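Values quoted throughout were computed directly from the atomic coordinates according to the rules given, and no laboratory measurement underlies them. In this text the structure is predicted, and so the values were computed from the model without any measurement. Please note: Cβ atoms are built from the backbone with ideal geometry, for glycine as well, and neighbour counts cover all protein chains shown.
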Amino acid sequence: MVVELAAIAGQSFVVAFSGALMPGPVLAVTLAGSRRHGFWFGPLVALGHGLVELPVVILLAMGLLTLLDNVWVIGTIGYLGSAAMVWMAVGMFRQTRQAGGEAPQDGPVRLGATGSGILATVANPYWYLWWITMGAVLTIGAAAAGWLGVAVFFVGHVSADFVCCSVLSLGVSRGRRYLDGRVYKGLLIVCAVILLVMAVRFLLLAIARTTGFEV
C-alpha cells in the first residue's frame, strides 16, 4: 500500500509539474505580482489555484464527470475564460506603462495573491480541458486506492504548483534589480501576449463547440 501511494504521489507531482511549467495565467500573475509584493505572492497564488482544484478532485473521484463534458458548459467556460484572460492581459500592458515597472492599482494583482490564483485558474479554459481528460484519468486511477489515494494524489498535484510558483516568485523577487526597466517590461509583454493568444484560441474553440462553426 505504501509503494502504491508513493507511486500515485510521484506520478501526480511529475505530471502536474510539467503542466505548471507551461506559460499561462497562473505563471503570468505570479510574475506580475512577485516583483511588487515579494516572495510570498507566488505560494499564495498556488494556494488560490489549489483551492479551486480541491472540489474538482473530489467531484471527479465521486464520478461526477458528465457535467464538465457538456458542450454548453465547456462553451460558456471558453467565452468567460477568454474575456477574463483579455482583462488580465490588458492589466499587464498597463503595468508596463508605469514608471519603473511598478504594478498599477488595477488588474488581477489588485485581487491579492490568493484571489489572483483563483481568477487565473478559473479563467483558463485549458485547465478545464486538462481536468476532463488527463486529470480525470489520474484522479479515477488514484481513487482505486480509496480516499487516501485521492488525498495523496491531490497533495502531489498541488505540491508541483507550489514548487513552480515559489521558484518563479523567489527568482523574480530576489532579482528585482536585474528586472528593472526594459527586461521586466519585456517579460510582462510576453506574458500578456501569451494570454491574448490563449484567449483567442479558446474563444474560437468555444464558438466551434457551441455553434459547430469552425473558424
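For this structure, a couple of remarks:
- Label-to-label distance, nm, for residues given as residue 76 and residue 190 (7 Å Cα→Cβ offset): 3.7
- Residues residue 51 and residue 87, FRET efficiency given R0 of 25 Å [Cβ-Cβ distance, rounded to 0.05]: 0.75
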